[in-house]
Each structure stands twice: as C-alpha cells, then as structure tokens.
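Inspection log for the structure reproduced underneath, given as structure tokens.
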Amino acid sequence: MKTLRLKPGKERSLQRRHPWIFESAIARGGADSGETVRVESHDGAFLAWAAFSPVSKIRARAWSFVETQRIDAAFLASVCARAVAARSLFDLQSDGVRLIHGEADGLPGLIVDRYGDTLVAQFLSAGVERWKAAIADALLAATGLQKLYERSDASGREREGLKPVTGWLRGEGATEITIREHGWKLSLDIATGHKTGFYLDQRDSRQRFAELAQHRRFRRVLNCFCYTGGFTVAALAGLRAAGAVEGAELVSVDSSQPALERARAHLALNGFGGEGSGVKAEFLDANVNTVLREFIEQGRTFDAIVLDPPKFAPTAAHAERAARAYKDINRLALKLLEPGGVLLTFSCSGGISADLFHKIVASAGIDAQVDGYISERLGAAPDHPMTIEFPEGEYLKGLVVVRKPA
C-alpha cells in the first residue's frame, strides 16, 4: 500500500475527520490517479485511507479514518446503502431526491440524484472515477433501480485531471422526466439540464415561497435567474391555495431561451397556462441586471422578488468580485420592492460565507436606502446535508428580507 506522509502539524484536520488533504500538507508520497493510499502523520501514526489525485490541489480525499477498514467494492456498497437509507429520515415531498451528497455521505466527489425511476450521477473526483463500475452496481443494488445516467461534465473534473463524460452508465431510456414536488409537477432533461438536470436543493425554499404567496396573496411577482420557473410555479401554487390567482402578474427572467420555454410549459403542466387562467405571465430572455434597471426607470414595483443567481464565486479567491455582483443585483431588487414586500435572495457560491452574504445584502440595502427585516434564513433541502466534520458542505445560503412598511 502506498503511503502519504504529512508535514508536522498538518494532521490536525484529519484528526477532526475533515476529509481533504491539500498538496501543501504532504511531505512525501504519491500514487496513481484514484489509488487508495495510507495517510500518516509526520511520525508515522495512521490517520486515514484516502483516494489520491496527482493534479488537484486537494491531493487526497479520505475514504475512512479506521485503520482496519479495507477500501473495496464491499466498503463502497455499504456506504452507498447507508446514504440511500438515510434519506428516509427526512420528510422529502418529492420523487426527485439527492441520494449521495459527496463528502457529507462519505463518498468524496460523488453526487447522485434520483428522478423517479432514474438515477443521475456525477463522478467528480479521481477516487470515485477509479471505482465507477463498483459504485454504479452499488447504487442500483441500494435503490432497486435499473437506470443510471452519468453527468460527469461539471468543472470539478478538470481540477482532478479528468475529462467530461456523459451518457447511460447502466440501462437506458428517455432523458425527459417529470417529477412531483410538493403539490406541483416539474419536468427536466437529465442529459441537458443544469447540474444533474435540476436544482433539487431549492425544493424547500420553493415550498416556503408558495406558503408566503398563500399568506400574503402577492399580486406582482418577479423571479430573476428563473431557469425553468420553479419559483414561479411555487408562487402560483400558493396563490391558488389562497384563491388569489385571478389577476396575478408574474415576470420570469433568464438568459436562456430553452429554459424559459420549459418555464412556460411548467405553467401549463400545473394548470396555469392558456386563456382564461386569470394569470398574466411574462417570460423575458434578457440580462437580469439590465431588466432590473429598466424596471426602476419604468417605475415598476413588485410584492415579491426572487434572486437565485448562478455561482458567482466557486472559491474564496473569487469572493471579492462576486461580492460586488451580489451587492448590485440585491441593491436593484430592493429598490423595486414595495414597502412590506418580500425578497428571497440566494447565493450558491462556496466562496461566499453565510456571514459575508448577510453583510453584502445589508450593504445593498444601505445603498438602495431600503431598510428591511431578515425574517428567515434558508438553505439547501435536508437531502443535501452539511455534516459536523465538513462545514464546506453548506454552499447554498438564502435570506428572506421583508421591506419595512413606509
């Protein structure tokens, strides 16, 4: 077994069961891509079994901190089965579920989502890439399913020295799928959709928006970076529950025409489309910043606004530039918000902490001369867990800001 020997003082994070070993912490040792290595402290004490990555700054990712553990197909099968079984602990009102959430589930670099009877997996690290066949078998055994599609086309593979791979890994079938979420339906294409096909992490935030719409009976809603319109559907579902759909105006903005076409189809799928529905729905293929500025010039205002932008800061190195971008869109949105109105604003950037995001939104409010209450903090749905040992798992941060009445 090949061995990594760490520099003095670099063993502390592993002793706290943090799974990452950075290049700068290693005194000597190496292995082939994805190969299991024994990780030792500077004095030779066992620390972990880990998968080696020759090119990544995260040079190794821990599989286990138990010295007697054997890293083989049986080990991977047990970890997969445990992660799948753990999802029954949560009340997940959907048949679209995150089953494996990387390091949080003991499988660093592996993402697996279930959409109905189909699994979609991303193998984003050298270790899970090396064990791909065994993991695929383990996933089907743990779920009882027969179809597994691979979407290993995220940028993280490049940092591991891996090329993008997509296509059916086990079985085959249609890539167009419709899932149930809370009281509505949403469709996706696992071959072309963002991430593994959809943003399952926002499931509970969409439900919360529906509850707010039902309680507050929003008349004008603006959904920015709307993608395929999940928050738009949620708002309408809430208004329908309140008997307040008639006359509602909803504007959904995104820079992807195909996404907007699916968003429009989602309204029809949930019974909100067509003449006589009572809903005025507008879909704008445009830059969000440009649209926000135009709406301010036009004097338009909204009762509820959603800001769910893409990842502006993938790492902490991008945080300063990303902070400016987050501040700008929040400043503009707050100016468009009616007194008493509700802003749901999010950051999915790992390089932006929850504390920093709060400060960004506060600064945006000062510049917009808008004061507000932070009534709630939102995060990823519970099937996207953050663990005690791996706080980096908390990537999605959200705030519910209520503009103070005039």
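The values are calculated or read from the model by the stated rules, or taken from the named source; none is laboratory data. Keep in mind that this is a model prediction, so the values were computed, not measured. As a convention, Cβ positions derive from the backbone with ideal geometry for all residues, glycine included, and neighbour counts pool all protein chains shown. Accessible surface areas use protein heavy atoms only, side chains included; no ligands, DNA or RNA. Shrake-Rupley method; radii C 1.70, N 1.55, O 1.52, S 1.80 Å.
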Exercise. If GLY247 passes every condition in (1) over 20 Å from the mean Cα position of the chain (by Cα); (2) within 19 Å of LEU186 (Cα to Cα) but one, which one does it miss?
Worked result: (2)
Exercise. Scanning for something part of a loop (DSSP other than H, G, I, E, B) and within 22 Å of MET386 (Cβ to Cβ), does region 75-87 turn up at least one residue?
Worked result: no
For this session: Kindly provide the set of residues from region 271-285 that are surrounded by 14 or more Cβ atoms within 10 Å (Cβ to Cβ) and part of a loop (DSSP other than H, G, I, E, B), ordered by number.
Result: GLY271, PHE272, GLY273, SER277, VAL279
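Within region 247-270, take every residue that is touching a helix residue (DSSP H, G or I) at 6+ places or on another chain (Cβ under 8 Å) and among the hydroxyl-bearing types (Ser, Thr, Tyr) and give me the one that is most open to solvent (accessible area, probe 1.4 Å). Steps first, answer last, please.
Keep residues of region 247-270 that are touching a helix residue (DSSP H, G or I) at 6+ places or on another chain (Cβ under 8 Å), which gives 248, 250, 252-255, 263, 266-267, 270.
Keeping just the survivors that are among the hydroxyl-bearing types (Ser, Thr, Tyr) gives 252, 255.
Details: SER252: 1, SER255: 96 Å².
Only one residue fits best here, namely SER255.
Which of the residues that make up region 111-123 are open to solvent by less than 60 Å² (accessible area, probe 1.4 Å) and not aromatic (Phe, Trp, Tyr)?
Restricting attention to region 111-123, the residues satisfying the condition of being open to solvent by less than 60 Å² (accessible area, probe 1.4 Å) are 111-113, 115-116, 118-123.
Within region 111-123, ILE111, VAL112, ASP113, GLY116, THR118, LEU119, VAL120, ALA121, GLN122 meet the criteria.
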Exercise. Just to be sure, is PRO108 at pLDDT 95 or above, closer than 28 Å to LYS311 by Cβ, open to solvent by 10 Å² or more (accessible area, probe 1.4 Å) and in a loop (DSSP other than H, G, I, E, B)?
Worked result: no
Seminar exercise, completed: Apart from one, (1) within 19 Å of the chain's Cα centre (by Cα); (2) at pLDDT 95 or above; (3) surrounded by 19 or more Cβ atoms within 10 Å (Cβ to Cβ) all hold for ALA364; the odd one out is (1)
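If you go through region 273-299, how many residues are under 24 Å from ALA333 (Cβ atoms) and within 31 Å of the chain's Cα centre (by Cα)?
Here is the first cut: in region 273-299, the ones under 24 Å from ALA333 (Cβ atoms) are 279-299.
Remaining after also requiring within 31 Å of the chain's Cα centre (by Cα): 279-296.
The total comes to 18.
For region 35-50, name all the residues that are assigned to a loop (DSSP other than H, G, I, E, B), open to solvent by 30 Å² or more (accessible area, probe 1.4 Å) and farther than 21 Å from ARG159 by Cβ. Spell out the reasoning first.
Residues of region 35-50 assigned to a loop (DSSP other than H, G, I, E, B): 35, 41-45.
The next check asks that each one be open to solvent by 30 Å² or more (accessible area, probe 1.4 Å); those that pass are 35, 42-43, 45.
Those that are assigned to a loop (DSSP other than H, G, I, E, B), open to solvent by 30 Å² or more (accessible area, probe 1.4 Å) and farther than 21 Å from ARG159 by Cβ: HIS42, ASP43, ALA45.
Taking region 124-145 as the region of interest, how many residues are hydrophobic (A, V, I, L, M, F, W, C), surrounded by 17 or more Cβ atoms within 10 Å (Cβ to Cβ) and assigned to a loop (DSSP other than H, G, I, E, B)? Please lay out each step first, then the result.
Restricting attention to region 124-145, the residues satisfying the condition of being hydrophobic (A, V, I, L, M, F, W, C) are 124, 126, 128, 131, 133-136, 138-142, 145.
Going one step further and asking which of them are surrounded by 17 or more Cβ atoms within 10 Å (Cβ to Cβ), we end up with 124, 126, 128, 131, 134-136, 138-140, 142.
When the remaining residues are screened for being assigned to a loop (DSSP other than H, G, I, E, B), the result is 124, 131.
Of the residues in region 124-145, 2 are hydrophobic (A, V, I, L, M, F, W, C), surrounded by 17 or more Cβ atoms within 10 Å (Cβ to Cβ) and assigned to a loop (DSSP other than H, G, I, E, B).
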For this session: Determine the pairs where a residue that is free of Cβ contacts under 8 Å to residues at least 40 places away in the same chain, located within region 1-17, has a partner that is of a type in the set (Asp, Glu) and surrounded by 14 or more Cβ atoms within 10 Å (Cβ to Cβ) with Cβ atoms under 7 Å apart, the partner being 6 or more residues away or on another chain.
Result: THR3/GLU40; ARG5/GLU40
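If I ask for residues that are among the small types (Gly, Ala, Ser) and free of Cβ contacts under 8 Å to residues at least 12 places away in the same chain, which ones from region 124-160 would you list?
Within region 124-160, ALA133, GLY144 meet the criteria.
Looking at region 56-69 only, could you name the residues that are in a loop (DSSP other than H, G, I, E, B) and open to solvent by less than 20 Å² (accessible area, probe 1.4 Å)?
Narrowing region 56-69 to residues in a loop (DSSP other than H, G, I, E, B): 56-57, 65-69.
The one that is in a loop (DSSP other than H, G, I, E, B) and open to solvent by less than 20 Å² (accessible area, probe 1.4 Å): SER56.
Residues ASP32, ASP72: which one is open to solvent by less than 50 Å² (accessible area, probe 1.4 Å) and out of contact with any helix residue (DSSP H, G or I) (no Cβ under 7 Å at 6 or more places or on another chain)? Reasoning before the result, please.
Numbers: ASP32 fails: open to solvent by less than 50 Å² (accessible area, probe 1.4 Å).
Exactly one of ASP32, ASP72 is open to solvent by less than 50 Å² (accessible area, probe 1.4 Å) and out of contact with any helix residue (DSSP H, G or I) (no Cβ under 7 Å at 6 or more places or on another chain), namely ASP72.
Residues to consider are SER53, SER94, SER13; find the one that is open to solvent by less than 60 Å² (accessible area, probe 1.4 Å), among the hydroxyl-bearing types (Ser, Thr, Tyr) and under 30 Å from GLY183 (Cα atoms). Let's see the steps before the verdict.
Details: SER53 fails: under 30 Å from GLY183 (Cα atoms); SER13 fails: under 30 Å from GLY183 (Cα atoms).
Exactly one of SER53, SER94, SER13 is open to solvent by less than 60 Å² (accessible area, probe 1.4 Å), among the hydroxyl-bearing types (Ser, Thr, Tyr) and under 30 Å from GLY183 (Cα atoms), namely SER94.
What about ALA325, is it farther than 23 Å from LEU212 by Cβ, under 22 Å from the mean Cα position of the chain (by Cα), among the hydrophobic types (A, V, I, L, M, F, W, C) and open to solvent by 20 Å² or more (accessible area, probe 1.4 Å)? First the steps, then the outcome.
Working: farther than 23 Å from LEU212 by Cβ: yes; under 22 Å from the mean Cα position of the chain (by Cα): yes; among the hydrophobic types (A, V, I, L, M, F, W, C): yes; open to solvent by 20 Å² or more (accessible area, probe 1.4 Å): yes.
Yes, satisfied.
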